[in-house]
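To start, the structure under review is shown below, and the notes come after it.
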Amino acid sequence: MIDCTKQDGIGVVRVGGAMTAATVDSFREQLADWQEREPEVKNFVVDLESVDFMDSAGLGTLIAALKRISERGGDMKIACLQKKPRMVFEITRAHKVFEIYNSTEDAVRAFA
């Protein structure tokens with residue numbers, strides 16, 4: 001479901017498929033495992049280009065991830081938000097919580 005890499009010292013998390021109650025446990029576990037293996041990575045970009053659907057559980061998981069990352073002294077940005085998931089962000093006003101970028105590269109550069 002997710003692919004974690006580093007780009008300029010930033011954790012880039014590419015998510016595939018829908019982010020729903022049925023899939024978020026896997027996302028949460030995979031991200032936590034990667035964070036344990038790469039403790040020096042504090043800042044993250046979550047690339048949602050391949051996420052075509054998100055429900056409240058998916059959004060809640062992103063908010064929980066942001067909280068966990070913030071507690072470790074880092075920050076998280078969202079990249080490539082698609083139309084349907086963007087509606088969830090706008091309806092819930094989550095677009096005011098996250099910095100959202102059109103590309104992963106723009107989000108990574110924003111940490112500079």
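The values are calculated or read from the model by the stated rules, or taken from the named source; none is laboratory data. Source: prediction; values computed, not measured. A quick note on method: Cβ atoms are made from the backbone with ideal geometry, for glycine too, and the neighbour counts reach across all protein chains shown.
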Checklist entry - In region 67-75, is there at least one residue being of a type in the set (A, V, I, L, M) and touching a Lys or Arg at 6+ places or on another chain (Cβ under 9 Å)? => result yes
Checklist entry - outside any helix (DSSP H, G or I) and surrounded by 14 or more Cβ atoms within 10 Å (Cβ to Cβ) - does that describe any residue in region 60-72? => result no
Item to check | Search result, residues across region 74-112 that are of a type in the set (Gly, Ala, Ser) and either in a strand (DSSP E or B) or modelled with pLDDT of 95 or more (or both) | outcome: Gly74, Ala79, Ser103, Ala107, Ala110
Checklist entry - Is there any pair with a first residue in region 87-98 that is farther than 13 Å from Met54 by Cβ and touching a residue at least 12 places away in the same chain (Cβ under 8 Å) and a second that is assigned to a helix (DSSP H, G or I) and β-branched (Val, Ile, Thr) whose Cβ atoms are under 9 Å apart and which are 6 or more apart or on different chains, and what are they? => result Val97/Ile63
